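The values are calculated or read from the model by the stated rules, or taken from the named source; none is laboratory data. Remember, predicted model here, so these are calculated numbers, not experimental data. FYI the Cβ positions are ideal-geometry reconstructions off the backbone, even for glycines, and counts take in every protein chain you see.
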Ligand code: PGA
């Protein structure tokens, strides 16, 4: 089974366009070996649920670690109630612009698991860390801190390796190179969770992550907003 996560980020800007995208996804014949997870903005999750239920699982892009007096937040309960099955946690954009840390990611993962949803944990190094050959060190710290006190043999989690410099830059991390990090992650967690790659996945490079690399799936941003290209690209 290969996991394909479509991360729409803060797109599209209207429900009308979201419905067009959902309909295009729903009309596609998805290969049975692919488990498709679509993560639209939260306000379109119900629409996604209505139109895509047969084609894909729905995921959210973030959540709070609990409900109650947290103005402006969404709790894992809200997501579960809306039919979401997955939640992206610790995406680099959340870390960079909204102060998310390994510690907050750890709290969120625990809260998501507590309501029976599956977290998709994102980890990855900055360009400076990459150039300074600190990738493995950074990944190890992120794994240790984000997964603190979480038993992977009892809880389902997906882990996405996303080099920050590769996200949205058009400069993907080459599959063979990314696979070295995948190997490290898989060893570190004793192969107890699927490991995905994310960062400028395109129609041209998509297959390399399964041929030259042994990834269990992909987290795809930009390409997933172009339904025709995206659906064509995941027909392998
Ligand atoms: P991208 O985004 O595919 O546009 O680089 C990946 C991501 O959302 O992490």
| query | What are the pairs, 6+ residues apart or on separate chains, where a residue within the range 213-233 that is within 14 Å of residue 26 (Cα to Cα) has its Cβ under 9 Å from a residue that is within 8 Å of the ligand (Cβ to nearest atom) and in a helix (DSSP H, G or I)? | reply | 230/223; 230/224
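Out of the residues in the range 213-236 meeting the condition of being in a loop (DSSP other than H, G, I, E, B) and closer than 17 Å to residue 33 by Cβ, tell me which one is farthest from the ligand (Cβ to nearest atom). Lay out the reasoning, then the answer.
Residues of the range 213-236 in a loop (DSSP other than H, G, I, E, B): 213-216, 221, 226, 234-236.
Applying the additional criterion that residues be closer than 17 Å to residue 33 by Cβ yields 213-216, 234-236.
Values: 213: 16, 214: 20, 215: 14, 216: 16, 234: 13, 235: 18, 236: 17 Å.
Applying the filter and picking the extreme gives 214.
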| field | Within the range 103-129, tally of residues that are touching a strand residue (DSSP E or B) at 6+ places or on another chain (Cβ under 8 Å) and within 14 Å of the ligand (Cβ to nearest atom) | value | 5
| field | Given (1) out of contact with any strand residue (DSSP E or B) (no Cβ under 8 Å at 6 or more places or on another chain); (2) assigned to a loop (DSSP other than H, G, I, E, B); (3) away from the ligand (no atom under 14 Å from the Cβ); (4) touching a residue at least 12 places away in the same chain (Cβ under 8 Å), number of the condition residue 179 does not satisfy | value | (2)
| field | Number of positions in the range 63-102 that are within 16 Å of the ligand (Cβ to nearest atom), at negative phi and assigned to a loop (DSSP other than H, G, I, E, B) | value | 2
| query | Among the numbered criteria (1) without any contact (Cβ under 8 Å) to a residue 40 or more places away in the chain; (2) surrounded by fewer than 20 Cβ atoms within 10 Å (Cβ to Cβ); (3) within 16 Å of the ligand (Cβ to nearest atom), which single criterion is violated by residue 191? | reply | (3)
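Counting just the residues of the range 209-221 that are farther than 20 Å from residue 119 by Cα and surrounded by 19 or more Cβ atoms within 10 Å (Cβ to Cβ), which one comes out modelled with the highest pLDDT?
The first filter runs over the range 209-221 and keeps only residues farther than 20 Å from residue 119 by Cα, leaving 209-214.
From what's left, surrounded by 19 or more Cβ atoms within 10 Å (Cβ to Cβ): 209, 213.
Working: 209: 98, 213: 95.
Within the range 209-221, the match that is modelled with the highest pLDDT is 209.
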| field | Failed condition for residue 210, given (1) away from the ligand (no atom under 13 Å from the Cβ); (2) touching a helix residue (DSSP H, G or I) at 6+ places or on another chain (Cβ under 8 Å); (3) outside any loop (DSSP other than H, G, I, E, B) | value | (2)
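Yes or no: the range 50-60 includes at least one residue that is surrounded by fewer than 16 Cβ atoms within 10 Å (Cβ to Cβ) and in a helix (DSSP H, G or I).
Just the residues of the range 50-60 that are surrounded by fewer than 16 Cβ atoms within 10 Å (Cβ to Cβ), to begin with: 50, 53-54.
Checking which are in a helix (DSSP H, G or I) leaves us with 50.
Checking the range 50-60: at least one residue is surrounded by fewer than 16 Cβ atoms within 10 Å (Cβ to Cβ) and in a helix (DSSP H, G or I).
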